[in-house]
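The values are calculated or read from the model by the stated rules, or taken from the named source; none is laboratory data. Since we're looking at a predicted model, the values are computed, not measured. Because the Cβ atoms are built from the backbone with ideal geometry, glycine has one as well, and the counts that use them run over all protein chains shown. Note: accessible area is taken over every heavy atom of the protein model, side chains too, but ligands, DNA and RNA are not part of it. Shrake-Rupley method; radii C 1.70, N 1.55, O 1.52, S 1.80 Å.
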Amino acid sequence: MRTRFAAPVMTQSRRQASPQTPCAAIRAISRAQTCLLFSSAVMRLLTLPLLLTLPLSAEPVLWYSSPAQEWVAALPVGNGRLGGMVFGGIESERIQLNEDTVWAGAPQERDIPGAYRHLPEIREMLFAGKYVEAERKIEETIMGPRIFPKGYQTLGDIRLDSASPDELTGYRRELDLESGIARTVWTQGGVRFSREVFSSATHDVLVVHFEGDRPGSVTTRVRLDRPVGATTKSSGDELILAGRAGHDGEQLGVRFEARLKVLHERGEVQPDGDALQIREADSATLILAAATDYRSKDQRNEPAQLLATAAAAGYAQLREAHVSDHSAIFNRVSIDLGGTEKRGLPIDERLRSVQAGGHDPDLLATYFQFGRYLLMGSSRPGTMPANLQGIWNDKIAPPWNSDYHININVQMNYWPADVTNLSEMQEPLWDFLNNLRVRGRKTARDHYDARGFVAHHTTDAWWWTSPIGRAQYGMWPAGAAWTTRHLWEAFLFSQDEAFLRETAFPVMKEAAEFFLDWLVEDPRTGELVSGPSTSPENVFLTAEGERARITMGPAMDQQIVWDLFTNVLAAAGRLGVADEFTAEVRDKLGRLAGPQIGSDGRLMEWREEFAEANPGHRHISHAFGLHPGEQFTLRRTPALAGAIRKSIEHRLANGGGHTGWSRAWLINLWARLEDAERAYENLHALLAKSTLTNLFDTHPPFQIDGNFGGTAAIAEMLLQSHGGELHLLPALPAAWSSGEVQGLKARGGFEVSMAWSDGRLKEASILSRSGNECRVRVAGSADVRSIETAAGKSYALADVSPTASK
């Protein structure tokens, strides 16, 4: 029987969906609404009720048959600010904790006033081919020292110690992505025990609930601890963990306090030194609140106030409010990629099967939803943006400080936000950009004698923007400019002109102002180029065989500037802005040096045709214009798209894609090239080679950007909306021959649901949020059809033939 589709109901920014029916969001379109029917020969208007039912047989759940033995096997919970990693232990349970502002370090100054005086000499050296000498001069005069000590740190751990002499049976630990609850169940001594953990955004607390099905069966000792820099004390039915972040005994960082309160049914709770002892309770609920002095100086009173409010609500109300909030957001999108026969197996077993060469489309659907879950858990309005590990970090000195790298990583974190219907989760990114503007203006002025604002390859919780460390990674002034693309994308998806005017355009304008002053004329061609700069973290070989990193006009810089200027002009046009600034942007965009294709047919990464020191380098920077940008497209610039294809093939042939996030970027690029099988091949490799037991991405080590990039890539394979048109199933692999997806968002203010069978689109529904014209392309067809839409109405496409063309 053929399923008909209509877009699900949304109330303001959230779809209201019952937690009990996560994938059966149903909507009947009124007879007053018109629906477009799309067939192999004709389009005709219909007036009829339409129903959407996505009959997925199970909720997305990660489950395991044994406790986690290491941190990267534990299961994450988070509310954007407060995170936990749940191990599922029995005799000894550990719930590792994070609060998003627990940072070591403090604001530090790295700008070098007057550094710009050295730029003319450096540029002259680079234009003359003196790359090594110029790089040395940059490190002597432009680069500031690295910032240390700093880093995002663990808050600590909840520890539960329970005597358990009896044999254990029926063990299961799971993470229910739809409800946002981590659950551990087991039977011991004839008692069925259950422990649930969730991090509530509605009450801003982390909750642990422990119960057994026999009265008086809950007895456990509760502790709060931290590796260093904190002390714990007990007070009545509460534990208080207080300390200060720091490195190597240096307590230079935020002050923090976490408070844990125990609620219990029957039994008793008593202080036991720096712990609490729960004895013979029917159930126990632990509520944890935490704060630092990063946002305010009230890190002591805030947790107490949060605890009082949460305790007054009680466990049932806390749980109900959390599930209602979480599931309403999560259920905006559902997905079925087929291949559900392994759904009853533990995730680690399924992952091992994929690693051995097996295929599991349903696991990829779960991976997609897990990425959405992680974004909800690590980035909510009012929180810090998701860092290199989201918010989940168990270390005092994590890799790369678990900071904000803005030469791909932070940007990739937010690739899935709009398309997977989590747009408000990127609001912390807008705060991030506004925070960077403050210090970025100073860096632009003092360091480079330029207007606007600038940021380089990385930053931290104090938003420094200076070039630091080595030139190979630090001499790259395009971090802020790249990130402003997300503002423009947010407008394209939402069509919210107030957002464009008040939030996006001012930031985009300042980023453009910097590059208006930064660009210089290449004396060899008369074109404008950016530099000195690096192609992020990559190394080339000079004609003399020396290793070098810095040039004028590297491809990624040129593409980012093209993208920024093009977006600024489009935004100005939408807002009716035409002034000296836009005239200057238009002039310099027209003079900007463009892309080059090398003698081997590859897109050139640098202005000169250098040999690469590492041909399989993890960054694919010169492909920016294909994805996430749209300077190059398969149909508008086929020669350049073909050159990027050759560049990607060369990277992969030399070992590229060996980090999780790099592989994720490659999948998105293959999807933009509409090469379904290469996209799927690399998606399979992402799961097989770069995914940990709990589905976290690994660089290695754990780095969350690959999760987000992989989620965005799956969406990109199913729906694309750049270039002024919606493209349905543009890169559908044979392994997903039949399936359904509901609730993906598209540029232009649309929401799309689809079903396909035997590799062919059967039906789709397009909900128009803004009443724009909708241009639609279906995979396999040369035909692009135009639909005039009205805001709030849905349009059905049915019986679609991929062979139809005009």
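Net charge of the neighbourhood of S737, taken over other residues with C-beta under 14 Å away and scored Lys/Arg +1, Asp/Glu -1, is -3. Sequentially through segment 616-626, phi angles give Karplus couplings (6.51, -1.76, 1.60; θ = phi - 60°) of x, 4, 5, 6, 10, 4, 6, 8, 3, x, 8 Hz, Gly and Pro residues having no value and appearing as x. Sorting the segments 360-371, 598-609, 583-594 by their residues' average number of neighbouring beta-carbon atoms within 10 angstrom, most packed first, yields 360-371, 598-609, 583-594. Note on the chain: helix-only mean residue ellipticity at 222 nm, from DSSP H runs of 4+ residues weighted -39500 (n - 2.57) and normalised by residue number, equals -9000 deg cm²/dmol. Debye-formula intensities of segment 326-401, expressed as log10 I(q)/I(0) at q = 0.13, 0.19, 0.21, 0.22 Å⁻¹, are -0.57, -0.94, -0.99, -1.02 (one equal scatterer per alpha-carbon, no solvent).
The phi-based Karplus calculation (6.51 cos²θ - 1.76 cosθ + 1.60; θ = phi - 60°) puts the 3J(HN,Hα) values of segment 314-320 at x, 4, 4, 5, 4, 5, 4 Hz, whole numbers, x for Gly and Pro.
Counting DSSP beta bridges with both partners in segment 483-607, what percentage is antiparallel, nearest 5?
Of those bridges, close to 90 percent are antiparallel.
Note on the chain: antiparallel DSSP beta bridges, both residues inside, total approximately 95 percent of the bridges counted. From the square roots a ≥ b ≥ c of the eigenvalues of the alpha-carbon gyration tensor of segment 188-329, which class results: rounded (a/c under 1.5), prolate (a/b over b/c), or oblate? Oblate, since a/c reaches 1.5 and b/c is not below a/b. When each of the peptides 168-178, 562-572, 72-82 is scored by how many other beta carbons lie within 10 Å of its residues on average, the order from highest to lowest is 72-82, 562-572, 168-178.
Overall shape of segment 330-461 was characterised from the C-alpha gyration tensor. The equivalent ellipsoid obtained from it has semi-axes of 37, 17, 13 Å, in decreasing order. In this calculation the C-beta distance from A498 to R192 is compared with R0 = 60 Å, giving a FRET efficiency of 0.65.
In units of the compact-protein estimate 2.2 N^0.38 Å, segment 232-276 shows a Cα radius of gyration of 1.50. Put simply, the amide H of D522, placed in the peptide plane, has neighbours under 5 Å in E527, L528, V529, leaving out anything fewer than 5 places away on its chain. On full extension, the segment bounded by R266 and V132 gains 40.9 nm, given 0.36 nm per residue less the C-alpha separation. Once the 1.4 Å probe is applied to the protein heavy atoms, the chain comes out at 34 Å² accessible per residue. Which of rounded, prolate or oblate describes segment 530-683 when judged by the alpha-carbon gyration tensor and an a/c cut-off of 1.5? Oblate, because a/c is 1.5 or more while a/b does not exceed b/c. Ordering S535, G545, I597 by the projection of their Cα atoms onto the charge dipole of segment 511-668, which places +1 on the Cβ of Lys and Arg and -1 on the Cβ of Asp and Glu, puts I597 at the extreme positive end. Close amide H contacts of L729 (hydrogens built in the peptide plane, cut-off under 5 Å, sequence separation of 5 or more or a different chain): L719, Q720.
When each of the peptides 280-287, 94-101, 231-238 is scored by how many other beta carbons lie within 10 Å of its residues on average, the order from highest to lowest is 94-101, 280-287, 231-238. Using a/c under 1.5 as the rounded threshold, could you call the chain rounded, prolate or oblate? The axes a ≥ b ≥ c are square roots of the C-alpha gyration tensor eigenvalues, and prolate needs a/b larger than b/c, oblate otherwise. Oblate is the answer for the chain, as a/c is 1.5 or above yet b/c matches or exceeds a/b. Built from the Cα atoms of segment 651-806, the convex hull projects on average onto 9.8 nm², one quarter of its surface area. Hey, what D do you get for segment 397-536 in µm²/s if you plug the Kirkwood alpha-carbon radius into Stokes-Einstein at 10 °C and 1.306 mPa s? The diffusion coefficient I find is 101 µm²/s.
The label point for T231 and the one for E349, both projected 7 Å from the Cα toward the Cβ, are 5.0 nm apart. Considering only M85, H209, L422, and ranking their Cα positions along the charge dipole of the chain that arises from unit charges at the beta-carbon of Lys, Arg, Asp and Glu, the one farthest toward the positive end is L422. Rounded to whole numbers, the Karplus 3J(HN,Hα) couplings from phi for segment 178-189 are 6, 8, x, 10, 8, 10, 10, 10, 6, 10, 8, x Hz, using 6.51 cos²θ - 1.76 cosθ + 1.60 with θ = phi - 60°, and x at Gly and Pro.
Pairs over the 23 Å Cα-Cα cut-off, from the set K509/K793; K137/K646; K442/K509; K342/K689; K150/K395: K509/K793; K137/K646.
Measuring nothing but protein heavy atoms, the accessible surface of the chain at 1.4 Å probe radius is 48 percent carbon and sulfur. Using a probe of 1.4 Å, the accessible surface attributed to E544 totals some 140 Å² when neighbouring protein chains are kept in position.
Stokes-Einstein diffusion for segment 153-268, with the hydrodynamic radius set to the Kirkwood value over Cα pairs and evaluated at 10 °C in a medium of 1.306 mPa s, equals 97 µm²/s. For A455, the amide hydrogen comes within under 5 Å of the amide hydrogens of G479, A480, A481, counting only partners 5 or more places away or on other chains and with H modelled in the peptide plane.
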